[in-house]
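Since every read-out is calculated from the coordinates, none of them should be taken as a lab result. The structure displayed is predicted, hence computed values, not measured ones. Quick reminder, even Gly has a Cβ in these numbers, built from the backbone with ideal geometry, and neighbours come from all protein chains shown.
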Amino acid sequence: MTDEAEALCADCGLCCNGTLFVSVAVDEAAATRLRVRLPVVDTSEGPVLPLPCAGLEGVRCRLYPDRPDRCRTFVCELRRDLEDGRVSSDDARRLVDATRALAASVATRLPVGMAWWTALPKLERARTELAPDRLELLAAIEELARRIRTRFWQ
């Protein structure tokens, strides 16, 4: 891990704010430790930490030293590209900033509580019947999905 890559992660927050994931699976030991400070939800698959994470302040994790293993080990494609020299630090930061802005823009145009990944298939199915503003929203969600799939998901 480079200092540049670590700084990029600390200033990103997309994996914690609900843009990339719905929740983070945690083991029982982590769930017990985290329940004191965060809402942990028990599911049939085991305990999860719902996202956006309640431990997130802005884009920074206030529980960073005590974060779950999955959070500790997640490395997005953009970070890998930065560490391997396939993207510059400046370009990586611009992409993070633009993706965060796009995600925020999409979120403000969706019904409260609806995630972009839920809206995408609904809008795609209705594409031929959408009003221009909804077509614009669909295009923004498709761009967000493309960025996430190619630059942030492992």
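The slack in the chain from Leu135 to Ala101, taken as 0.36 nm per residue of separation less the alpha-carbon distance, amounts to 10.4 nm.
Here the Debye sum runs over all C-alpha atoms of region 76-154 as equal scatterers in vacuum, and log10 of I(q)/I(0) at q = 0.11, 0.15, 0.27 Å⁻¹ comes out as -0.34, -0.58, -1.25. Taking only alpha carbon atoms, region 21-74 gives an Rg to Rh ratio of 0.92, where Rh is the Kirkwood radius. If you plug the beta carbon distance of Asp84 and Ala10 into 1/(1 + (r/R0)^6) with R0 = 25 Å, you get a FRET efficiency near 0.80. Its residue count N sets the reference 2.2 N^0.38 Å, and the alpha-carbon radius of gyration of region 59-122 equals 1.41 times that reference. For the chain, the longest principal axis of the Cα atoms and the long axis of helix 132-147 meet at an angle of about 40 degrees. Normalised radius of gyration (Cα atoms, divided by 2.2 N^0.38 Å) for region 1-139: 1.20.
Taking the simple approach of a point 7 Å from Cα along Cα-to-Cβ for both Glu45 and Arg33, what is their distance in nm? It works out to 2.2 nm between the two label points. Of the trypsin sites (Lys or Arg not before Pro) found in region 42-97, the ones in coil according to DSSP and having at most 12 other Cβ atoms within 10 Å of their Cβ are Arg86.
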